[in-house]
Amino acid sequence: MDDSYIQDEFRHEQYVVATEGNRKILISGCAHNGILNILGEYERKYGSQPDAVISGFHLMKKSGYTDDEITEIIDTAKRLKEYRTTFYTCHCTGVKAYESMRCIMGNQLRYVHSGEEIRLKYQKSVQEERRGQFMKWHKFFAWATVICFIITMMTGYEKK
């Protein structure tokens, strides 16, 4: 065996999709293959966009960024802004890249640190809202029927 390096293709890199009701959250690691590539694969598999993404973007540099790297950061932020998704990013994105992306994406992009808790609000679909309203009225009429029956029995209903 020689001492040469072998390029890692990151075929082993995976992501997880958590689902609650109609809401989907994509959770990834450092997105070595690119967050846009991961989102493209998500859209291919699920036919939609995730509601939230929790992932590093692997953009941090120890030294300064080249013009091409700055362009990549800006282009990535512009593409992510097109999604109706909230993005939570972390360590490997790097603060400088995050700040540049945040200028473009605003509150659509948030930075999380190790140990922080992310609370995602669950929003019911229109269908779930309608079912909830139906069940509310269904319960009302069911109880009204029971109460009427009890009153009738207590007041001495007589069969004619």
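Once the Cα atoms are used to define both axes, helix 95-105 deviates from the longest principal axis of the chain by about 50 degrees.
Near Lys24, the amide H atoms lying under 5 Å from its own belong to Asp51, Ala52; only residues 5 or more places off or on other chains count, and H is placed 1.01 Å from N. Max-minus-min Cα coordinates of the chain on each principal axis give 101, 43, 31 Å, with the largest extent listed first.
For the pair Gln7 and Lys45, a Förster radius of 22 Å applied to the C-beta separation gives a FRET efficiency near 0.25, rounded to the nearest 0.05. Under a Gaussian network description of the chain, with springs only between Cα atoms under 10 Å, the residue in Thr66, Thr86, Thr145 that fluctuates furthest is Thr145.
Return the loop-located GluC sites (Glu not before Pro) in segment 8-60 (DSSP other than H, G, I, E, B) with at most 12 other Cβ atoms within 10 Å of their own Cβ; answer none if there are none.
Numbers: sites: Glu9, Glu13, Glu20, Glu41, Glu43; in loops: Glu9, Glu13.
Hits after loop and neighbour filter: Glu9.
Here, each number is a calculation from the coordinates, and none is a lab measurement. Keep in mind it's a predicted model, so treat the numbers as computed, not measured. Using ideal geometry, Cβ is built from the backbone for each residue, glycine included, and neighbour counts are taken over all protein chains shown.
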